[in-house]
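*Asks:* Below you'll find the structure I mean.
The values are calculated or read from the model by the stated rules, or taken from the named source; none is laboratory data. Note that the coordinates shown come from a computational prediction; the quantities given were computed from them, not determined experimentally. Note that each Cβ is placed from the backbone with ideal geometry, even for glycine, and that neighbours are counted across all protein chains shown.
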Amino acid sequence: MSVSAYIFFEVELGKTRQVVDELRKIPNIVRVAIVTGEYDVIVRINVENLEELFHITTDRIHMIEGITDTQTAVIEKEEIQE
């Protein structure tokens, strides 16, 4: 079973580019967006299972300097507009 999720990031002021550069090094992350509003960066990640998601978030993502908070939303079902 594969799992996809969105991860929302709050980033220290002035550290957005540095955080994005580090996130782009993680091959499971397929999209990175710098956004306005409550969060600073949103990524989409594809993994094999929830265990892999756990390890990538705790062992890699949470270790990136400049990230102050994250929120992960696992995609349960995705609709594609035609």
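*Asks:* Scan the range 29-58 for residues that are assigned to a loop (DSSP other than H, G, I, E, B) and surrounded by fewer than 16 Cβ atoms within 10 Å (Cβ to Cβ) and jot them down.
*Replies:* VAL35, THR36, GLY37, GLU38, GLU48, ASN49
*Asks:* Would you check which residues across the range 71-82 are out of contact with any Ser or Thr (no Cβ under 7 Å at 6 or more places or on another chain) and either more than 18 Å from VAL3 (Cα to Cα) or touching a residue at least 12 places away in the same chain (Cβ under 8 Å) (or both) and list them?
*Replies:* Passing the criteria: GLN71, ALA73, VAL74, GLU78, GLN81, GLU82.
*Asks:* Now a separate question. Name the residues in the range 59-77 that are aliphatic (A, V, I, L, M), in a strand (DSSP E or B) and surrounded by fewer than 15 Cβ atoms within 10 Å (Cβ to Cβ), would you?
*Replies:* If the condition is that a residue be aliphatic (A, V, I, L, M), in a strand (DSSP E or B) and surrounded by fewer than 15 Cβ atoms within 10 Å (Cβ to Cβ), then ALA73, VAL74 are the ones that fit.
*Asks:* Does LYS25 satisfy the condition of being at pLDDT below 95 and either among the basic types (Lys, Arg) or not in a loop (DSSP other than H, G, I, E, B) (or both)?
*Replies:* No, not satisfied.
Listed here are the residues, each with its yes/no results for (1) at positive phi; (2) out of contact with any strand residue (DSSP E or B) (no Cβ under 6 Å at 6 or more places or on another chain).
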| position | (1), (2) |
| --- | --- |
| PHE9 | no, no |
| LEU13 | no, yes |
| ALA33 | no, no |
| GLY37 | yes, yes |
| ASP40 | no, no |
| GLU48 | no, yes |
| LEU53 | no, no |
| VAL74 | no, no |
| GLU79 | no, yes |
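*Asks:* Take the range 1-18 and flag every residue that is more than 22 Å from ALA73 (Cβ to Cβ), in contact with an Asp or Glu (Cβ under 9 Å, 6 or more places away or on another chain) and outside any loop (DSSP other than H, G, I, E, B).
*Replies:* Across the range 1-18, the qualifying residue is only GLN18.
*Asks:* Which residues, counting only those in the range 17-46, are within 16 Å of MET63 (Cα to Cα), free of Cβ contacts under 8 Å to residues at least 24 places away in the same chain and touching a helix residue (DSSP H, G or I) at 6+ places or on another chain (Cβ under 7 Å)?
*Replies:* Residue satisfying the conditions is ILE29 alone.
*Asks:* Same structure again: Restricting the search to the range 11-58, which residues are under 15 Å from GLN71 (Cβ atoms) and basic (Lys, Arg)?
*Replies:* Hit for the range 11-58 is ARG44, nothing else.
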